[in-house]
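First comes the structure, then the notes that go with it.
The values are calculated or read from the model by the stated rules, or taken from the named source; none is laboratory data. Here the structure is a predicted model, which is why all the values come from computation and not from measurement. As a convention, Cβ positions derive from the backbone with ideal geometry for all residues, glycine included, and neighbour counts pool all protein chains shown.
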Amino acid sequence: MELVIGYAIFFFCILMLGTISGIFSERAGIVNIAINGFMIFGATIYAISSVIFTDFLKITSMWSQIALTVITVLGTMLFGLLFGLATVKLKSDQTISGFAINILALGVVSVVVLYITSRHQGGGTTIDSILKRRELAWSSEVGSFKNIISLKTFLVIIIAFGSWFALRKTRWGLRFRSVGENPQAADVAGINVNRVKWQALLIASAVAGIAGSFFAQNEVTIFANTKDIKGFGFIALAIMITSRWRISLSVVISLFFSFLLSFSEYGLNVLGNELALYKDLLTILPYLVTLIIMVASSRNSAGPAAAGIPYDKSKR
C-alpha cells in the first residue's frame, strides 16, 4: 500500500503542475493542447543539464537539482515563446500550433536521447547521468513515504497555492481572467491583452517544464525508452476541463486520477498475484476513466469565452 500511495503523490505532482499550466494559458484565451509537449521539453532539458552537471562539471549533489530545475524552467520558456510567436504574434490556429509543439517535442527528445545513450554513453537504454543523481528528498526511493518529503512536493504546494491566490484574489488575476473572457473589453479598460497572453504562455511553459523535470528525475528509464512522459500532459488537459478551469477543484480531481494511475500500475502488490491475468485491463483503466469523464463532463464545461479565438484589436 505504501508503494501505491507513494507513487500516487508523485503522479499528483506531475498532473497538478500540468493542469495549472493549462489553466494559465486558457484563462488568457489560448487553447493549449501542448501541455504534454512542454513537459517533454522540460524532461529533455533536464536530461541535457544532468549530463553537463554530472559528467562534465562532476556535480552530483542532490542540492544541484534546484539549479537543474531553474535551467529547465528557462529552457522550456523558450519553447513557450515559440508557441507564443505562432499564436499571439502570427495569430495562427491555436489547436494546430499546439499539435505542432507536441510533434516537435517528440522529434527533439528522440534526437537528444539517442545522442546521449548511443554517442555520449556508448550504449544503454537509460540515461546514466540522471541515475547517478539523488533526488532532493528525504529518500530518493520513489514510492516510499519518505520520498513525499521532497523538492517536488513543496514546489507543487507553493505553485498551486500561489497560482490560486494570484488568479482569484489579486487585481492582476482579475485582469488576467478578463482577457480570456472578453479581450476587447479588457483592452478598453486599459489592459495590454497581448502582454497578458505572453505572460500566460511563459508561466504555462515554465510550470509544465518543472513537471517534466520531475518525471525525468524519477522515471528516467521510461522516459529514455518511450521518449514520452506517459501522456500525462493529455490527462492533465482532461483534468483541467473536468475541473472547469478552477485550480481548487483540480486539486481533488488530480488526486483522484493520481491514485487511479498508481493503482493501475502497482495495485497488484495490494490485490495479490491472482489478479495478474487482468494486469493489462488494470493498466488501461485510468485512460478509459479519463475518456468517460471527459465525455460526461464536456457538455457542462464552459471554458473561457475567448479561448481559441485570436485577438484582433480592430474588432469591438
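Is it fair to say S64 is farther than 25 Å from G29 by Cβ, in contact (Cβ under 8 Å) with a residue 40 or more places away in the chain and not aliphatic (A, V, I, L, M)?
yes
Is the stretch 165-181 home to any residue that is assigned to a helix (DSSP H, G or I), in contact with a Lys or Arg (Cβ under 8 Å, 6 or more places away or on another chain) and basic (K, R)? Give the derivation first.
Of the stretch 165-181, the ones assigned to a helix (DSSP H, G or I) are 165-169, 171-181.
Pick out the ones that are also in contact with a Lys or Arg (Cβ under 8 Å, 6 or more places away or on another chain) and you get 167, 176-177, 179-180.
Subset that is basic (K, R): 177.
Yes.
Counting only residues that are surrounded by 15 or more Cβ atoms within 10 Å (Cβ to Cβ) and in contact with a helix residue (DSSP H, G or I) (Cβ under 8 Å, 6 or more places away or on another chain), how many does the stretch 171-203 have?
Number satisfying all stated conditions: 21.
So which residues in the stretch 224-241 are β-branched (V, I, T) and buried (at least 22 other Cβ atoms within 10 Å of the Cβ), if there are any at all?
Correct list: I229, I235, I239.
Looking only at the stretch 147-187, count every residue that is farther than 30 Å from R134 by Cβ, aliphatic (A, V, I, L, M) and in contact (Cβ under 8 Å) with a residue 40 or more places away in the chain and tell me the total.
Of the residues in the stretch 147-187, 2 are farther than 30 Å from R134 by Cβ, aliphatic (A, V, I, L, M) and in contact (Cβ under 8 Å) with a residue 40 or more places away in the chain.
Which one of K132, K58, K89 is touching a Ser or Thr at 6+ places or on another chain (Cβ under 8 Å), surrounded by fewer than 20 Cβ atoms within 10 Å (Cβ to Cβ) and among the basic types (K, R)? I'd like the intermediate steps shown before the answer.
Values: K58 fails: touching a Ser or Thr at 6+ places or on another chain (Cβ under 8 Å); K89 fails: touching a Ser or Thr at 6+ places or on another chain (Cβ under 8 Å).
When all the criteria are applied, what remains is K132.
List every residue pair whose Cβ atoms lie under 9 Å apart, where the two residues are 6 or more positions apart in sequence or sit on different chains, the first residue falls within the stretch 97-125 and is closer than 10 Å to A224 by Cα, and the second residue, located anywhere, is surrounded by fewer than 15 Cβ atoms within 10 Å (Cβ to Cβ) and hydroxyl-bearing (S, T, Y).
Partner pairs satisfying both residue conditions: T117/T125; G124/S118; T125/T221.
Take I20 and tell me if it is in a helix (DSSP H, G or I), modelled with pLDDT of 95 or more and within 19 Å of I130 (Cβ to Cβ). Can you show your working first?
On the way: in a helix (DSSP H, G or I): yes; modelled with pLDDT of 95 or more: yes; within 19 Å of I130 (Cβ to Cβ): no.
Answer is no for this residue.
Take L201 and tell me if it is of a type outside the set (V, I, T) and within 30 Å of K313 (Cβ to Cβ).
Yes, satisfied.
Tell me, which residue of the stretch 144-164 that is touching a Ser or Thr at 6+ places or on another chain (Cβ under 9 Å) and outside any helix (DSSP H, G or I) is farthest from R195 (Cα to Cα)?
I149
Write out, first by first residue and then by second, each pair whose Cβ atoms fall under 7 Å of each other, whose residues are 6+ apart or on separate chains, and whose first residue, in the stretch 242-253, is farther than 18 Å from I292 by Cα while the second is at pLDDT below 95 and buried (at least 20 other Cβ atoms within 10 Å of the Cβ).
Final answer for the pair search is W245/P304; L249/S243.
Tell me which residues, restricted to the stretch 182-208, are assigned to a loop (DSSP other than H, G, I, E, B) and among the small types (G, A, S).
A189, G190
Could you go through the stretch 219-234 and let me know if any residue there is under 26 Å from A105 (Cα atoms) and acidic (D, E).
The answer is yes; a qualifying residue exists.
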